[in-house]
Amino acid sequence: MIVTTKKLFEAAYGKYAIGAYNINNLEQTMGLFQGCLMSRSPFIIQISKGARTYTHKKMLEAMIRTADEIFPEAVFAVHLDHGDEQTCMECIESGFYSSVMIDASHEDFETNIAITKKIVDAAHARGIVVESELGQLGGVEEHVSVSEADAKLTDPDTAKEFVERSGCDSLAVAIGTSHGAFKFSGNQALRFDVLSEIQRRLPGFPLVMHGSSSVPQEEVARINAAGGALKGAKGVDADQFLRAAELGVTKINIDTDGRLVWTRVHREYFQEHPENFDLRPPGKVFMAEYAKFIAAKNDKLGSSGQLDAVRRMLGL
Ligand code: G3H
Ligand code: 13P
Ligand code: ZN
């Protein structure tokens, strides 16, 4: 059943985080639903602009609606990831998305507020909720000075004003993570000091952590052993998710780790079966491995075992 992220955040706030997983194709869709039912977790499906154009946006919608029929117990939100104004408006009008992210974090503070407010007004009129972002994610090189790196993080002092004036329902914060497989080049880590200052100013308000893949070292090693070239890949320590959840993070975005599962499965499969040219055997292995990966990630997020409580909260 499709619900808003707002409903899921009400259940999770302060206790656990909801996994927000990017999907692009049928195998990910099946694995995601299977994994979330294995762990009995509510979840968020994220669709990026790139995913909408990979095949056709209607194809993704049809796959998700069909998965909803195949797995009637599943409770999830359908969320546009990193939307611009035009894509947000399209998704709001589509009647399919329950949540959109407007990403105007590259704009100045006032422009970010104005764009977010415009999307919030349109979304709320249709019962859709909005995530916005303040601060800038990005890989921080070791040679960058602390003050330069800090300047990109979310400023706790302006976060409250941003939320009040924009009317957004959740806020993506920059606290040291970045997208992709190469997050930290040195000893950098999550900035819990900044996160707790943000929560102090916005108690009870749902925060979002992008760029949260863990880039497991054993996965990277297996990919490289099977012909890959991912040198120096590094991610976020998944054992820190629950600490982030206690500090108000209710949505944790994961895409890269799922791509690593896909890469490992296919590299190993074709290395072991060089004679094969049927796409289904590795596809089957991938769906099962992806489901296992999702269930294990939900354990780290604390969302495992929460599905029944969420269903009760929703009167299901
Ligand atoms: O934050 C971005 C997500 O990982 C989606 O990536 O735009 O390549 O689909 P994408
Ligand atoms: P990762 O690249 O760490 O998986 O982050 C994904 C993300 O933030 C999607 O919005
Ligand atoms: Zn992101």
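The values are calculated or read from the model by the stated rules, or taken from the named source; none is laboratory data. Small disclaimer: the values here were computed from a predicted structure and weren't measured. As a convention, Cβ positions derive from the backbone with ideal geometry for all residues, glycine included, and neighbour counts pool all protein chains shown. The area values use the complete protein model at the heavy-atom level, side chains included, leaving out ligands, DNA and RNA. Shrake-Rupley method; radii C 1.70, N 1.55, O 1.52, S 1.80 Å.
Would you please report the Å³ per residue occupied by the convex hull of the alpha carbon atoms in segment 246-313?
105
Could you check the simple spin-label distance between residue 68 and residue 182, using points 7 Å along Cα→Cβ, in nm with one decimal?
Between residue 68 and residue 182, the simple spin-label model gives 4.0 nm.
Can you send over the carbon and sulfur percentage of the accessible area for segment 5-313, probe radius 1.4 Å, protein chains only? Walk me through the numbers before you get to the answer.
Values: 7190 of 13420 Å².
For segment 5-313, the apolar C and S fraction of the accessible surface comes to 54 percent.
Using label points projected 7 Å from each Cα along Cα→Cβ, tell me how many nm separate residue 196 and residue 296, to one decimal.
3.1
Using the Cβ atoms and a cut-off under 14 Å, what net charge is assigned to the surroundings of residue 61, where Lys and Arg are +1 and Asp and Glu are -1?
0
Percent of Cα-Cα pairs more than 22 Å apart in segment 157-316, please.
Counting every Cα pair in segment 157-316, those more than 22 Å apart make up 53 percent.
For the chain, what proportion of DSSP beta bridges, expressed in % and rounded to the nearest 5, is antiparallel?
0
Give me the distance in nm between label points sitting 7 Å out from Cα along the Cα-to-Cβ direction at residue 125 and residue 38, one decimal.
4.4
Quick check for you: with a 1.4 Å probe and neighbouring chains kept, what is the accessible area per residue of the chain, in Å²?
44
Can you give me the Rg/Rh ratio for the chain, using Cα atoms for both radii and the Kirkwood formula for Rh?
0.96
So between residue 237 and residue 312, what do we pick up on full extension, going 0.36 nm a residue minus the alpha carbon distance?
My answer for the length gained is 23.8 nm.
Can you give the helix-only mean residue ellipticity at 222 nm for the chain, where every DSSP H stretch with n ≥ 4 adds -39500 (n - 2.57) and the sum goes over all residues, rounded to the nearest 500 deg cm²/dmol?
Mean residue ellipticity at 222 nm (helix-derived): -15000 deg cm²/dmol.
State to the nearest 20 debye the size of the charge dipole of segment 5-313 about its Cα centre, where the only charges are +1 on K and R beta carbons and -1 on D and E beta carbons.
That gives a dipole near 760 debye.
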